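Below is one structure; the comments refer to it alone.
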């Protein structure tokens with residue numbers, strides 16, 4: 001199944017089912033007014049939702065309407081908890097090599113993750129409103145999962161049973177602000193403005209064999225101002241999402257609707273390019289001895305989409321412009 | 001005005017007004033079902049709420065009932081954003097001196113703050129469910145404010161106008177897990193389990209002259225297993241809450257209902273004791289050359305309450321036991 005939240009008068013949007021090919025939408029307010037509600041009541045709703053989805057794909061719903069990505073908010077327009085990992089180790093290794101940073105102790109054994117702000121997510125085509133180009137505006141292409149309630153102490157073996165939906169992310173980052181925040185040990189805050197999400201969140205079965213081992217085994221295609229920037233594959237994720245879930249649930253429960261991100265998709269094979277500018281800058285340093293790639297300017301655009309082998313985009317496309325706030 | 005959220009079938013509880021002396025409560029569901037709603041619609045509701053509160057204090061509401069702190073959830077049982085500062089510099093200075101930690105660069109000029117998990121707060125008398133004594137279980141007595149929507153770029157001069165309510169906090173911390181998380185630069189996650197709050201959140205006018213300069217000028221009384229542990233005063237806060245709000249709103253808006261904490265209350269005058277065990281352990285090291293104070297054990301209790309000069313507790317009392325999850 002595929003879900004979107006259309007922009008509406010309420011901050012949580014108007015929940016719709018979206019057809020597999022992303023062309024049609026169907027209002028399911030009679031079943032669940034919000035995606036949060038659907039996640040909380042998944043067991044009770046799943047059968048009816050499946051039935052609706054089947055009919056939508058079969059063209060049997062007279063009230064279906066065209067799905068307009070420009071009307072889409074984030075699938076969860078806000079959430080009670082947003083946790084973002086850094087689970088592709090090649091990203092960190094590259095940054096450390098280029099900028100002479102000390103390796104983060106134990107990063108290959110314990111998932112890196114920061115607590116993000118979930119109160120105010122951007123939709124897939126929303127302008128990214130930011131106060132200053134001097135902050136080092138960067139995109140980060142990621143995968144993310146949405147879980148139902150995860151009890152404290154859930155193990156990695158149990159964790160995948162809690163994954164209800166999968167989506168893609170633009171984890172907007174302000175690189176000039178990050179080093180100071182990392183140095184305090186308190187983590188990112190000003191460096192992580194509101195995050196953007198793909199048009200739809202989808203059930204794992206939509207990916208078939210491409211969802212396995214708690215990883216999305218698909219390339220994430222990134223372009224910047226219409227130019228190819230990278231297509232790294234999710235298969236290189238060092239930890240699976242189950243590891244991230246178990247790590248974050250060690251000392252607390254994760255409430256239903258918690259969103260967990262993979263961190264920037266990054267591959268050891270450098271020919272696939274990058275999912276964030278920061279990584280390209282690290283490669284500049286390694287290759288040329290200097291940074292040659294600037295960060296984003298106001299007016300710049302980024303496009304992020306995962307692709308199936310047939311070229312289809314299961315989560316739809318993130319396409320955003322950076323705009324002066 | 002004083003607000004509490006009583007435990008109910010819904011995660012956001014049942015909003016009540018509580019009398020100034022904390023003895024009576026009055027259901028205000030006809031005005032606002034949740035504190036989140038009240039904060040979002042403050043301008044429209046304030047006059048009617050004030051009227052109700054006056055009548056409640058005057059004993060004119062026949063439907064008022066006894067306020068039972070054991071029925072209280074956190075005033076905001078969950079929130080879309082929880083930001084916790086470390087604004088009492090004497091706390092950090094002490095830790096650094098005792099444990100030979102490097103000072104955090106610029107901590108006297110830029111507020112330290114981490115993004116916390118707001119999805120699942122504890123009420124004032126809830127058991128603190130935790131998985132292991134080996135994690136170094138600590139309490140932290142703090143003040144906190146609840147704001148209405150704060151636009152991106154709000155200045156410190158404008159910020160206090162957004163403070164709607166003030167309360168107290170037990171920012172439960174797992175000290176054995178914190179150093180590793182700080183060293184990664186990604187900030188606290190496992191080290192910060194669910195946070196607990198006082199029985200009521202109150203409007204600034206309830207504190208009279210004790211709320212000024214964005215600080216609560218009152219002592220916070222802490223006891224551990226019935227023994228005095230400290231009564232440091234909020235007046236020593238190096239930054240005001242307005243500084244914290246402006247800092248966190250630099251690159252994003254704060255949605256209505258965002259809760260911001262002061263960090264452990266700590267005074268340069270050491271005779272007033274401490275608001276967390278970690279600080280006492282630092283004093284042990286400085287005085288005796290060794291740590292003599294253990295962290296909390298299962299079954300231990302902590303009590304946290306701010307006191308007015310007449311001995312009354314404007315926010316009520318946090319009184320919790322640590323229990324094995």
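FYI, it's all coordinate maths here, none of it is from the lab. Predicted model only: the values in this text are computed from it and were never measured. Cβ sites come from the backbone with ideal geometry, for glycine too, and all protein chains shown count toward neighbours.
Quick rundown of the values:
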{"read-out": "Length released on extending from residue B:7 to residue B:288, taking residue separation times 0.36 nm less the Cα-Cα span", "value": "96.6 nm"}
{"read-out": "Rh (Kirkwood; distinct C-alpha pairs) - segment A:168-231, Å", "value": "14.6 Å"}
{"read-out": "Other protein chain Cβ atoms within 10 Å, averaged over every residue that makes up B:185-197", "value": "6"}
{"read-out": "Average projection area in nm² (convex hull over Cα atoms of segment A:127-277, one quarter of hull surface)", "value": "10.0 nm²"}
{"read-out": "Choice from A:127, A:205, A:12 showing the highest fluctuation, given a GNM over chain A with Cα pairs closer than 10 Å", "value": "A:205"}
{"read-out": "Nearest-0.05 FRET efficiency for residue A:235 and residue A:48, computed from C-beta distance (R0 22 Å)", "value": "0.05"}
{"read-out": "Among B:24-37, A:232-245, A:56-69, the order from most to least packed when residues are scored by Cβ within 10 Å on average", "value": "A:232-245, B:24-37, A:56-69"}
{"read-out": "At R0 = 51 Å, FRET efficiency that the Cβ-Cβ distance of residue B:133 and residue B:55 yields, to 0.05", "value": "0.60"}
{"read-out": "Cα-based Rg of segment A:200-282 normalised by 2.2 N^0.38 Å, two decimals", "value": "1.24"}
{"read-out": "Ascending list, in nanometres, of distances separating the residue B:312 label from those of the other copies (7 Å, Cα toward Cβ)", "value": "6.7"}
{"read-out": "Least to most buried among B:5, A:266 (fewest other Cβ within 10 Å first)", "value": "B:5, A:266"}
{"read-out": "Cα convex hull of segment A:8-93 - mean projected area over all directions, nm²", "value": "7.8 nm²"}
{"read-out": "Shielding of B:251-260 by partner chains, average beta-carbon count, 10 Å", "value": "5"}
{"read-out": "Computed label-point distance, nm, for sites residue B:325 and residue A:23 using a 7 Å Cα→Cβ extension", "value": "4.8 nm"}
{"read-out": "Degrees, to the nearest 10: B:277-288 long Cα axis against longest axis of chain B", "value": "30 degrees"}
{"read-out": "DSSP beta bridges in chain B [antiparallel fraction, %, rounded to 5]", "value": "85 percent"}
{"read-out": "Value at 222 nm in deg cm²/dmol, rounded to 500, when DSSP H runs of n ≥ 4 in chain A each add -39,500 (n - 2.57)", "value": "-5500 deg cm²/dmol"}
{"read-out": "Kirkwood-type radius of segment A:1-145, with distances r between different C-alpha atoms, in Å", "value": "17.9 Å"}
{"read-out": "For segment A:116-203, alpha-carbon Rg and Dmax in angstrom", "value": "15.4, 44"}
{"read-out": "Other protein chain Cβ atoms within 10 Å, averaged over every residue that makes up A:74-86", "value": "3"}
{"read-out": "Where the Cα pairs of chain B fall when distances are cut into 20 Å bins, in %", "value": "34, 59, 8, 0"}
{"read-out": "Protection proxy ranking of A:40-46, B:113-119 - average other beta-carbon atoms within 10 Å, highest first", "value": "B:113-119, A:40-46"}
{"read-out": "For peptides A:71-80, A:14-23, B:92-101, A:287-296, sequence by mean Cβ density within 10 Å, most packed first", "value": "A:71-80, A:14-23, B:92-101, A:287-296"}
{"read-out": "Candidates A:223, A:278, A:312, ranked by Gaussian network fluctuation over chain A, Cα under 10 Å, top entry", "value": "A:312"}
{"read-out": "Other-copy label distances relative to residue A:325, 7 angstrom Cα-Cβ extension, nm", "value": "3.3"}
{"read-out": "7 Å along Cα→Cβ, label-point gaps from residue B:102 to other copies, nm, shortest first", "value": "0.7"}
{"read-out": "Against the rule of thumb 2.2 N^0.38 Å, how large the Cα Rg of segment A:1-51 comes out", "value": "1.07"}
{"read-out": "Degrees between helix B:89-99 axis and first principal axis of chain B (Cα, 0 to 90, nearest 10)", "value": "30 degrees"}
{"read-out": "Nitroxide proxy distance, nm - points 7 Å out along Cα→Cβ at residue A:62 and residue B:33", "value": "3.2 nm"}
{"read-out": "Using a Förster distance of 30 Å, the FRET efficiency for residue B:269-residue B:110 (Cβ separation, nearest 0.05)", "value": "0.75"}
{"read-out": "Relative counts (whole %) of C-alpha pair distances in segment B:249-325, using bins that are 10 Å wide", "value": "14, 31, 32, 20, 3"}
{"read-out": "Axis-nearest residue of A (beta carbon) for the A-onto-B rotation, whole Å", "value": "A:187, 1"}
{"read-out": "For the protein assembly as shown: span of alpha carbons on each principal axis (Å, largest first)", "value": "73, 60, 45"}
